[in-house]
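Trainee: I am attaching a structure below and will ask some questions about it afterwards.
No value in this document is a laboratory result; all are computed from the given coordinates. Everything numeric here is computed off the predicted structure, so don't read it as measured data. Here the Cβ positions follow ideal geometry from the backbone for every residue, glycine too, while neighbour counts run over all protein chains shown.
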């Protein structure tokens, strides 16, 4: 390629980039105009419900007591299950011993 062809190609590319820059600049200016035309009233404040501290403390106290009672109930159920399984094991051993004695005769 000759220097003239290179210069011509670069000029065409620069013109294309200049057009893109002009489009981008126009878009930014349009956005600024639209933003300036919009009302700038702040959004209305959001109402936040307020709870009394006594109600909150009572709620957490009830949750704590209820959770404690639930854990005590689970502990008693676990102890009862352990006792029941030990009783079943003893009964199974006794019945097996009786079965062996009867079978020997």
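Trainee: Sort 56, 2 so that the residue with the fewest other Cβ atoms within 10 Å of its own Cβ comes first and the one with the most comes last. It would help to have the intermediate numbers written out before the result.
Mentor: On the way: 56 10, 2 7.
So the ranking, lowest neighbour count to highest, is 2, 56.
Trainee: Hey, rough spin-label estimate for residue 57 and residue 89, points 7 angstrom out along Cα→Cβ, what's it come to in nanometres?
Mentor: 4.9 nm
Trainee: If R₀ is 30 angstrom, what is the calculated FRET efficiency for the pair residue 26 and residue 47, using the beta carbon separation as r and rounding to 0.05? Please report the intermediate quantities before stating the final value.
Mentor: Numbers: r = 43 Å, r/R0 = 1.44.
With a Förster radius of 30 Å, E is 0.10.
Trainee: A further question follows. Does the chain classify as rounded, prolate or oblate by the C-alpha gyration tensor (a ≥ b ≥ c root eigenvalues; a/c under 1.5 gives rounded; else a/b over b/c gives prolate, otherwise oblate)?
Mentor: The shape class here is oblate.
Trainee: Right, another one. Would you list 46, 79 from fewest to most Cβ contacts within 10 Å?
Mentor: Details: 46 5, 79 10.
Exposure proxy ranking, most exposed first: 46, 79.
Trainee: Build a GNM of the chain with springs between Cα atoms under 10 Å: which of 74, 48, 95 gets the top mean-square fluctuation?
Mentor: 95
Trainee: To the nearest 10 degrees, how steeply does helix 53-104 sit against the main Cα axis of the chain, on a 0 to 90 scale?
Mentor: Long axis of 53-104 versus the principal axis of the chain: about 50 degrees.
Trainee: For the chain, what does the helix formula give at 222 nm: sum of -39500 (n - 2.57) over DSSP H segments with n ≥ 4, over the residue count, nearest 500 deg cm²/dmol? Mind showing how you got there, number by number?
Mentor: Details: 2 runs with 87 residues, N = 105.
The helix contribution divided over the chain gives -31000 deg cm²/dmol.
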